[in-house]
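Everything below concerns the one structure shown next.
The values are calculated or read from the model by the stated rules, or taken from the named source; none is laboratory data. Just so it is clear, the structure is predicted and the values come from calculations on it, not from any experiment. With ideal geometry, Cβ positions are generated from the backbone for all residues, glycine too; neighbour counts draw on all protein chains shown.
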Amino acid sequence: MSDLFYAMTMPGLETLAFSEIRATIPETELVKFMRGIALFRTSTLPENLLDLHTTEDVFATLAHIKGLRRGPDALRVLHSATLNADLSSAVASWRRGHHGARPRTWRVVSQMTGSYDFRRMDAGQAVTDALRKSMPRSMRLVEDDADLEIWLWLGGGDVLIGVRLSDATMRHRQYKREHIPASLRPTVAASMGWLARPTAEDIVLDPLCGAGTILIERALLGPVQQELGGDLNSQTVNLARRNARSAEVDISLKTWDARSLPLEASSVTRIITNLPFGKQIGTREENEALYTALIREFDRVLAPKGLMVSLTSEDRLWDRILQENGWRTQKKVVFVVLGQPASIFVSERA
């Protein structure tokens, strides 16, 4: 028998996150995509969902309401759906993922996009009032740091109420102890690694490695022959080394200028990199000169039939430079990062 779960990721990466779920658990059945969410059915053990790389959080679904009206009657619908949900099964899923631990505290987290005739806190209170009647008396309602979190999500007429099976380490990763400005979220880095179609024979290069997140996440996705990375700032390279040691992955890291790499021609099979956005670091004018120099060097070091996965908010600029230099974009994924739209390009030489 399959159960209903949902994975939450960054808006725009829903289909990519589900592709990892389907590849990991082939019998998974997609129910629906929503903004930043993939709702699906699977008969796998709940703890198997906690090893996903491109997902930020996983939930056991208590209720999925379609076409919720925006008026005040909606609060009664939320209350009723929560009251009639199979809470015990969802809590059992949570316990399986937490080594049989018994939750002692609980809280409700509510998220809402769009306009309704009630406030987000009112929706959360409707769910909380219903749960007061069904939660074991031994469990205590708290405002923060609860063992058990029930999340309410409203958007586009859909409602999801679920028990959060994951914790903060799923999205933030325990290995990432060193951070720099504009450092990439691990789930985005993993998404880029996934889009690079990883194989055990890959020789992966991140010429602008920053804190090392992209290379670490690629290594965690699966076997790789070799990983190379570097940055212009030696202190940043040292931070990346410490993160790699923490993650227990083998990466060769050097201080270099990505516009003139100390690598032989056609020596790497994958380039995966986060280009400067020109917001926190650099400017638009600097990026145009930098991107032009980078693509020429990338063209030199990438082997025939190699693949490049690159991230930038300078969508039109990068697209133009790729075309002008004889590259073809196989796929482009647009999503939201740090509150602004960005694009992941999957490209090859034409």
* **Residue match in region 202-216 (condition: in a loop (DSSP other than H, G, I, E, B), outside the structural domain of K254 (by TED's automatic domain parsing) and more than 14 Å from V109 (Cα to Cα))** => no
* Which residue, of L4, L68, L78, is modelled with pLDDT under 95 and crowded, with 16+ Cβ neighbours inside 10 Å? -> L68
* Could you list, in sequence order, all residues of region 10-49 that are out of contact with any helix residue (DSSP H, G or I) (no Cβ under 9 Å at 6 or more places or on another chain), among the polar types (S, T, N, Q) and either over 18 Å from V163 (Cα atoms) or outside any loop (DSSP other than H, G, I, E, B) (or both)? => T15
* Asked: Going through region 100-121 one residue at a time, which ones are among the charged types (D, E, K, R) and in contact (Cβ under 8 Å) with a residue 40 or more places away in the chain?
  -> R104, R107, D117
* **Cβ pairs under 7 Å, 6+ apart, first in region 325-350 and over 11 Å from S313 (Cα atoms), second in a strand (DSSP E or B) and modelled with pLDDT under 95** => G326/R349; W327/R349
* Would you pick out the residues in region 245-275 that are more than 19 Å from A303 (Cβ to Cβ), buried (at least 18 other Cβ atoms within 10 Å of the Cβ) and either touching a residue at least 60 places away in the same chain (Cβ under 8 Å) or not assigned by TED's automatic domain parsing to the domain that holds E178 (or both)? -> A247, N274, L275
* Asked: Restricting attention to region 143-161, and to residues there that are of a type in the set (A, V, I, L, M) and assigned to a strand (DSSP E or B), which single residue is nearest to A85 (Cα to Cα)?
  -> I161
* **Matching entry among S166, S93 (being within 30 Å of V249 (Cα to Cα), crowded, with 19+ Cβ neighbours inside 10 Å, touching a helix residue (DSSP H, G or I) at 6+ places or on another chain (Cβ under 9 Å) and outside the structural domain of C209 (by TED's automatic domain parsing))** => S166
* **Criterion violated by I180 - all others in (1) in contact with a Leu (Cβ under 9 Å, 6 or more places away or on another chain); (2) among the aliphatic types (A, V, I, L, M); (3) buried (at least 19 other Cβ atoms within 10 Å of the Cβ) satisfied** => (3)
* Residues of region 131-172 being free of Cβ contacts under 8 Å to residues at least 24 places away in the same chain and within 23 Å of T9 (Cβ to Cβ), which ones? -> D167, A168, T169, H172
* Structure fact -> Those residues of region 315-344 that are outside any helix (DSSP H, G or I) and touching a Ser or Thr at 6+ places or on another chain (Cβ under 9 Å) come to a total of 17
* Among the listed residues T61, T54, T128, which satisfies the condition of being surrounded by 15 or more Cβ atoms within 10 Å (Cβ to Cβ) and free of Cβ contacts under 8 Å to residues at least 24 places away in the same chain? -> T128
* To do: Search region 13-51 for residues being over 19 Å from L195 (Cβ atoms) and of a type in the set (S, T, Y), and hand back the single one that is surrounded by the fewest Cβ atoms within 10 Å (Cβ to Cβ).
  => S43
* Structure fact -> Listed by first then second residue, the pairs whose first member lies in region 174-193 and is assigned by TED's automatic domain parsing to the domain that holds L220 and at positive phi, whose partner is outside any loop (DSSP other than H, G, I, E, B) and surrounded by 23 or more Cβ atoms within 10 Å (Cβ to Cβ), with beta carbons under 9 Å and at least 6 positions apart or on separate chains, are A182/N274
